[in-house]
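Enquirer: Please find one structure pasted underneath; my questions will follow.
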Amino acid sequence: MRQVAHRVNAQSRREFLTRAGGGCGALALSYLLGRDAGMLGASKARAAADDAAISPLAPQEPHYDATAKAVIWIFIDGGPSQIDLFDPKPLLNKLAGQPLPAGIERAFTPMGVSDNPILGCRRKWKRHGDSGLWMSDWLPRMAEHADDLCVIRSCWANGLNHVGSVCQMNTGSILAGRPSLGAWVTYGLGSENQDLPAFAVLLDKPDEPPGGPRNWGAGFMPATYQGTRLRSDGAPILHLATPKGVSQEQQRRKLDLLAELNRQHAAGRDADELEARIASYELAYRMQAAAPEAVELAQETDETKRLYGLDNKATAEMGRSCLLARRLVERGVRFVQVYCGSGSKWDAHANLESNHSGLCRASDQPVAALLADLKRRGMLDETLVIWGGEFGRTPMSEKGNGRDHNPYGFTMLLAGGGAKGGRTIGQTDEVGLHAIENRVHVHDLHATVLHLMGMDHEGLTYLHNGLDETATTTEGGRIVEDVYT
């Protein structure tokens with residue numbers, strides 16, 4: 001295992017000497033930094049000859065050998081009902097209409113403590129694959145890939161409402177201001193493709209998830225590491241195209257002049273944000289040619305389009321997002337987040353049956369197609385696919401035919417990228433309210449994802465306000481070894 005190194009903010013020699021004040025102290029510190037340079041394989045460096053900055057998105061060595069090179073996260077926005085999809089609880093139908101059994105702690109919901117009666121499950125359950133993995137009839141196409149799925153039934157989180165909970169599932173905290181997991185991965189590993197964003201975000205609806213762009217933001221890191229929202233129709237990135245009447249040569253000269261002026265301004269200053277802006281201009285210039293090709297789904301065969309359901313109105317929107325995610329990862333994009341039901345569409349406080357039936361119908365085939373397509377292209381082994389939202393749903397009813405938020409015990413799926421398929425990890429209580437065995441917090445999930453990507457979640461740090469910040473915050477996190485052993 002390579003020695004884990006703390007990440008540091010890169011700075012030019014001029015900035016270093018200015019801050020150190022010159023003299024013997026600066027020389028001594030320079031010597032010490034040089035001595036340790038071999039240990040800082042994951043850190044950013046400056047080009048020594050001319051102070052030209054190495055791209056902040058240049059590929060970086062992981063801490064140790066990785067099983068996953070890229071992540072595709074299908075974010076189920078609004079909270080899917082785990083007890084109607086992956087976590088069967090026969091007792092629900094026996095106790096339907098009755099209060100929670102004695103000994104099971106009542107749940108705190110956004111409206112307070114819930115004493116609502118239990119709502120039965122109308123789904124049909126069946127074991128699938130050689131592993132006998134339980135799944136309901138709402139996801140028949142995904143069930144065909146049961147032996148590729150690692151089902152974590154014992155997840156839990158801290159938030160009760162969507163804004164805080166979506167934020168925590170993405171950033172590790174219910175409070176805004178921290179980098180998203182995609183930003184941490186981008187910061188730690190860079191990108192294999194310098195002509196596309198390292199971290200891309202796709203929404204299947206015009207609505208944004210609760211909290212909006214902060215869910216794929218860079219927090220206290222430079223903006224270089226934040227996610228870039230791409231569109232599957234029309235211009236992939238708004239305001240990217242070169243204005244009419246401006247040639248590529250003119251655009252190149254304009255950017256070169258702007259970069260030179262910015263670097264002159266940055267000389268002798270702490271200008272991380274300005275340098276991030278320079279890098280973003282350069283990336284935008286390169287993307288003007290690369291991004292349109294990446295999202296050009298017409299290049300795909302008719303068979304592939306049918307596989308993803310592009311020929312069906314119900315599945316076409318999610319199908320385009322999943323197919324685009326595969327194309328991006330295929331081109332070296334490191335982290336792709338696909339929102340399914342953007343704008344909390346899975347939030348079934350009422351009419352659970354019609355809500356989940358429609359959303360499952362829209363997403364089941366595209367997600368199954370993504371798994372099949374990655375597998376047949378030899379990409380699934382190195383691509384970690386995540387399926388899950390900010391929390392699950394309660395076994396108690398709400399409004400007679402819906403379910404409330406449940407952060408106490410819910411399900412997340414992993415596939416590929418080193419995650420062992422055909423297995424179930426952890427369990428909830430007899431009605432699916434609380435995780436009771438092998439409990440997996442959001443921080444544990446993030447630590448495990450980083451581990452599969454070859455990064456130590458405690459060794460991957462960013463210096464902020466004098467503190468070595470980590471993706472799992474000061475509350476820590478554990479690697480869920482059952483996922484891959």
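Enquirer: Quick one: Karplus J couplings for the stretch 126-143, per residue in order, coefficients 6.51, -1.76, 1.60, θ = phi - 60°, nearest Hz, x for Gly and Pro?
Expert: Coupling constants for the stretch 126-143: 7, 7, 10, x, 5, 7, x, 5, 7, 8, 8, 6, 6, 10, x, 6, 5, 4 Hz.
Enquirer: Report, in debye and to the nearest 20, how large the dipole of the stretch 290-387 comes out about its Cα centre when Lys and Arg carry +1 and Asp and Glu carry -1 on their Cβ.
Expert: 60
Enquirer: Can you tell which of 196, 209, 177 lies farthest toward the positive end of the dipole of the stretch 175-223, using +1 and -1 charges on the Cβ of basic and acidic side chains (Lys, Arg; Asp, Glu)?
Expert: So the residue furthest toward the plus end is 177.
Enquirer: Once the piece of chain linking residue 361 and residue 299 is laid out straight, how much longer is it, given 0.36 nm per residue of separation minus the C-alpha distance between them?
Expert: Details: separation 62, 0.36 × 62 = 22.32 nm, distance 2.59 nm.
Extending this stretch completely gives an extra 19.7 nm.
Enquirer: Could you list which residues have their amide H under 5 Å from that of residue 436, counting only those 5 or more apart in sequence or on another chain, with H placed in the peptide plane?
Expert: Counting only residues 5 or more places away or on other chains, the set is 427, 428, 429.
Enquirer: Another question about this same structure. Residue-wise, which Karplus ³J(HN,Hα) couplings in Hz belong to the stretch 324-338, taking 6.51 cos²θ - 1.76 cosθ + 1.60, θ = phi - 60°, and x for glycine or proline?
Expert: 5, 4, 5, 5, 5, 4, 4, 9, x, 5, 7, 9, 10, 10, 10
Enquirer: A further question follows. Pull up all non-local amide H partners of residue 109: gap of 5 or more, or a different chain, and H-to-H distance under 5 Å with H placed in the peptide plane.
Expert: Answer set, sorted by chain and number: 114.
Enquirer: How many nm separate the modelled label positions at residue 482 and residue 465, each set 7 Å beyond the Cα in the direction of the Cβ?
Expert: With each label placed 7 Å out from Cα toward Cβ, I get 3.6 nm.
Enquirer: Considering only C-alpha atoms, what is the centroid distance from the stretch 131-204 to the stretch 408-484, in Å?
Expert: A separation of 11 Å, based on Cα centres.
Enquirer: If you don't mind, there's one more thing I want to ask. Karplus couplings for the stretch 392-402 from phi (6.51 cos²θ - 1.76 cosθ + 1.60, θ = phi - 60°), rounded to Hz, Gly and Pro as x?
Expert: Once θ is set to phi - 60°, the couplings for the stretch 392-402 become x, 10, 7, x, 6, 7, 9, 6, x, 9, x Hz.
Enquirer: Rounded to the nearest 0.05, what FRET efficiency do residue 126 and residue 262 have when you use their Cβ-Cβ distance and R0 = 60 Å?
Expert: Numbers: r = 60 Å, r/R0 = 1.01.
Efficiency, rounded to the nearest 0.05: 0.50.
Enquirer: Let me know the shape class of the stretch 78-168, please: from the alpha-carbon gyration tensor, a ≥ b ≥ c as square roots of the eigenvalues, rounded when a/c is under 1.5, otherwise prolate if a/b is greater than b/c, or oblate.
Expert: Here the stretch 78-168 falls in the oblate category.
Enquirer: About the Cα centre of the stretch 416-485, what is the dipole size in debye to 20, counting +1 per Lys and Arg Cβ and -1 per Asp and Glu Cβ, all else neutral?
Expert: The dipole of the stretch 416-485 has a size of about 260 debye.
Enquirer: Let me ask another. Between residue 229 and residues 5 or more places away or on another chain, which pairs have amide H atoms under 5 Å apart, with H built 1.01 Å from N, and which residues are they?
Expert: Answer set, sorted by chain and number: 201.
Enquirer: Also: Compare the Cα positions of 121, 80, 101 along the charge dipole of the stretch 69-133 (+1 at Cβ of Lys, Arg; -1 at Cβ of Asp, Glu; about the Cα centre) and return the one farthest towards the positive end.
Expert: Ranked along the dipole, the leading option is 121.
Enquirer: Could I ask something else about it? Only Lys, Arg, Asp and Glu count, each charged at its Cβ (+1, +1, -1, -1), so figure out the dipole size of the stretch 310-464 about its Cα centre, rounded to 20 debye.
Expert: 640
Enquirer: Would you please give the FRET efficiency between residue 381 and residue 58, computed as 1/(1 + (r/R0)^6) with r the Cβ-Cβ distance and R0 = 30 Å, to the nearest 0.05?
Expert: With a Förster radius of 30 Å, E is 0.75.
No lab work stands behind these numbers, since they all come straight from the coordinates. Everything quoted here is computed from the prediction, not taken from an experiment. When we count neighbours, we look across all protein chains shown, and the Cβ atoms used for this are built from the backbone with ideal geometry, even at glycine.
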